[in-house]
Ligand code: SF4
Ligand code: SF4
């Protein structure tokens, strides 16, 4: 089974977004020696396809030389395994040379723009939009493909139409991210998107997307519909992510996910010790993640959507409780809302009404005049 290793070359970031929870000033930058240790660790860790995502902080702060060495080190060192790369960046530090280095490995770039310039800069900082768009031009002119994540806050959600139209008119794929309360205290909680608002937003996006099905991709809606249609989670939020996702911080510490990097109680081991999976499962961090899984089985046991929701994201769940395992993902309300909406619509489209058990839909009769969930499924 494929797994995912996120490499966090640094937690530093030149931007200063108001709701950020994942950057740290003065964070060290990963050395090539540590990167090489990641490769050596993985040689005997698990002989399965692996996707590496460079994440941060801002991963391009590691600089051209880091990627010039790191990419062949990984690709050649793990040539026995099927390897893919991805990189999440604000693009400010993109240079033509860096873009060419990344393009050699066909690395898809994920970046962040919350919407039109004024709205984006009001929550990400003045000048952010122009710097990111400049980096986007350099990236695309040099052979890279880039898409954007829009973070919806309690403020920007009031402008959801403008944001959708911005992505539509610019021909950008839309992926959204709800602003979270932070495990780090400096992030203001008031920007976090309330679960009810998030649920409303997802339903709005489903509706609007279906009206523009040929003109835009809304990744989250694609994923949610696929979850319901297949009865299985297909993105990390909706599966038991632990054990198939790892993150390695600048000093080689191993965590369950990039969201925990820098949190000492979530360190599972260090690449310099070349831990086996069994070693990692003996860590306190692993036990914490298992506690979450047990909590989901208990708290979500009666939920119709548990098979493809799995209690949501453990980080989201622990963020409001200072890292403690107390509840499932607070976006539960939003997930229920959108899963019900999609389920009801699918039932209507295929059977003309409610009454189907969850999961494993078998189409029997097409019946609709405007685009529906089945059209969306056929598109992919
Ligand atoms: S902790 Fe959350 S973001 Fe990280 S891999 Fe798990 S579900 Fe995904
Ligand atoms: S929708 Fe809520 S109750 Fe249902 S599985 Fe997801 S988190 Fe649990």
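For the stretch 38-147, relative contact order (Cα pairs under 8 Å, six or more residues apart, normalised by length) works out to 28 percent. In the chain, the alpha-carbon atoms span a convex hull of 137 Å³ per residue. Evaluating kT/(6 pi eta Rh) at 25 °C and 0.890 mPa s, with the Kirkwood radius of the stretch 1-52 over Cα pairs in the Stokes-Einstein relation, gives 187 µm² s⁻¹. The slack between residue 213 and residue 165, meaning 0.36 nm per residue of separation minus the straight C-alpha distance, is 15.9 nm. Could you let me know the centre-to-centre spacing of the stretch 108-151 and the stretch 291-334, using Cα atoms, in angstrom? After rounding, the separation between the Cα centres reads 32 Å. So what's the angle, to the nearest 10 degrees on a 0 to 90 scale, between helix 219-230 and the longest Cα principal axis of the chain? Roughly 60 degrees between the two axes. Ordered by the count of other Cβ atoms within 10 Å of each Cβ, fewest first, 6, 277 give 277, 6.
Its residue count N sets the reference 2.2 N^0.38 Å, and the alpha-carbon radius of gyration of the stretch 226-274 equals 1.42 times that reference.
Under a Gaussian network description of the chain, with springs only between Cα atoms under 10 Å, the residue in 204, 136, 255 that fluctuates furthest is 204. Please find, in a Gaussian network model of the chain (springs between Cα atoms separated by less than 10 Å), the residue of 88, 264, 123 whose mean-square fluctuation is greatest. Highest fluctuation among the options: 264.
With each label point set 7 Å from Cα along the Cα-Cβ vector, what nm distance links residue 95 and residue 239? With each label point 7 Å from Cα toward Cβ, the separation is 3.8 nm. Here the stretch 40-180 is described by how far its Cα atoms reach on the three principal axes: 50, 30, 24 Å, from widest to narrowest. Secondary structure note: in the chain, about 15% of the DSSP beta bridges are antiparallel.
Its relative contact order, with pairs defined as Cα atoms under 8 Å and 6+ residues apart, puts the stretch 83-194 at 26 percent. Against the main long axis of the alpha-carbon atoms of the chain, helix 64-77 sits at an angle near 80°.
When 212, 4 are sorted by how many other C-beta atoms sit within 10 angstrom of their C-beta, beginning with the fewest, the order is 212, 4. If you line up the long axis of helix 32-43 against the longest principal axis of the chain, both from Cα atoms, how many degrees apart are they, to the nearest 10? Tilt of helix 32-43: around 60 degrees.
All distinct Cα pairs of the stretch 1-117 go into the 1/r average, and the inverse of that average, the Kirkwood radius, is 14.9 Å.
Diagonalising the gyration tensor over the Cα atoms of the stretch 130-254 and scaling each eigenvalue by 5 before taking the square root yields semi-axes of 24, 22, 19 Å, largest first.
Estimated at 0.36 nm per residue, the fully extended path between residue 134 and residue 64 surpasses their Cα-Cα distance by 23.4 nm. With a cut-off of 8 Å between alpha carbons and a minimum separation of six or more residues, what is the relative contact order of the chain in percent? About 17 percent, as a whole number.
Note on the chain: GNM, Cα springs under 10 Å; of 89, 237, 140, the largest mean-square fluctuation is that of 140.
Read-outs: derived from the displayed coordinates by stated rules, not from any lab. Values in this document were obtained by computation on a predicted structure and should not be read as measured data. Cβ: placed from backbone, ideal geometry, glycine included. Neighbour counts: every protein chain shown.
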